[in-house]
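A.B. asks: Structure below; questions to follow.
The values are calculated or read from the model by the stated rules, or taken from the named source; none is laboratory data. Here the structure is a predicted model, which is why all the values come from computation and not from measurement. Neighbour counts are summed over all protein chains in view; Cβ atoms, including those assigned to glycine, are modelled from backbone coordinates with ideal geometry.
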């Protein structure tokens, strides 16, 4: 009875391509006559093409200096995609634009930590399914879209800080 059940399970699994073990004939053969396949492992692992290799795991340490004005936002900024080298300038921008306060909306329709202008940039986050209130109240989202605004500025050949040039001065050198 058990042999019949095992045979049925093997037949079903073979039919759907999930059985990789011995066939019915091999199951009914005495153990000494079962075919054997020997697999050898190469001395060194095969080299994968560069586009399929995973990058080496790394740990980044972000040191927030005592002089940082908005130090509480440095780690979220790195999570949002900002480079560590950008953080001192981003720190000054957050201080000048919002005094490090999350959730602000200005009279000129600028929102969040980095005071992203709604009239100019809302289409960018709305295309991704976010609302202006999301960008205003979620500091990581605000920092993500600030990074995208900076990238957009660079795609125009501008300094990445150009979108924040104005009342608080120039951050470009």
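A.B. asks: When residue 120 is evaluated against the numbered criteria (1) on the phi < 0 side of the Ramachandran plot; (2) in a loop (DSSP other than H, G, I, E, B), which criterion, by number, is the only one it fails?
C.D. replies: (2)
A.B. asks: Here is a follow-up. Kindly provide the set of residues from segment 96-119 that are surrounded by 14 or more Cβ atoms within 10 Å (Cβ to Cβ) and either within 16 Å of residue 75 (Cα to Cα) or outside the structural domain of residue 131 (by TED's automatic domain parsing) (or both), ordered by number. Step through it out loud before you land on a result.
C.D. replies: To start, the set of residues in segment 96-119 that are surrounded by 14 or more Cβ atoms within 10 Å (Cβ to Cβ) comprises 96-98, 100, 102-105, 109-118.
Residues satisfying the conditions are 100, 102, 113, 114.
A.B. asks: Name the single residue that is nearest to residue 97 (Cα to Cα) among those in segment 125-148 being surrounded by fewer than 19 Cβ atoms within 10 Å (Cβ to Cβ) and in contact with a strand residue (DSSP E or B) (Cβ under 9 Å, 6 or more places away or on another chain).
C.D. replies: Per the criteria, the residue is 137.
A.B. asks: Look at residue 81 and say whether it is in the same structural domain as residue 144 (by TED's automatic domain parsing), surrounded by fewer than 18 Cβ atoms within 10 Å (Cβ to Cβ) and on the phi > 0 side of the Ramachandran plot.
C.D. replies: Judged against the criteria, residue 81 is a match.
A.B. asks: Residues to consider are 108, 114; find the one that is more than 22 Å from the chain's Cα centre (by Cα) and within 15 Å of residue 163 (Cβ to Cβ). Break it down stepwise before answering.
C.D. replies: Values: 114 fails: more than 22 Å from the chain's Cα centre (by Cα).
On inspection, the qualifying residue turns out to be 108.
A.B. asks: Okay, moving on. Which of (1) outside any loop (DSSP other than H, G, I, E, B); (2) within 19 Å of residue 166 (Cβ to Cβ); (3) free of Cβ contacts under 8 Å to residues at least 40 places away in the same chain does residue 72 not meet, given it meets every other one?
C.D. replies: Condition (2) is where residue 72 drops out.
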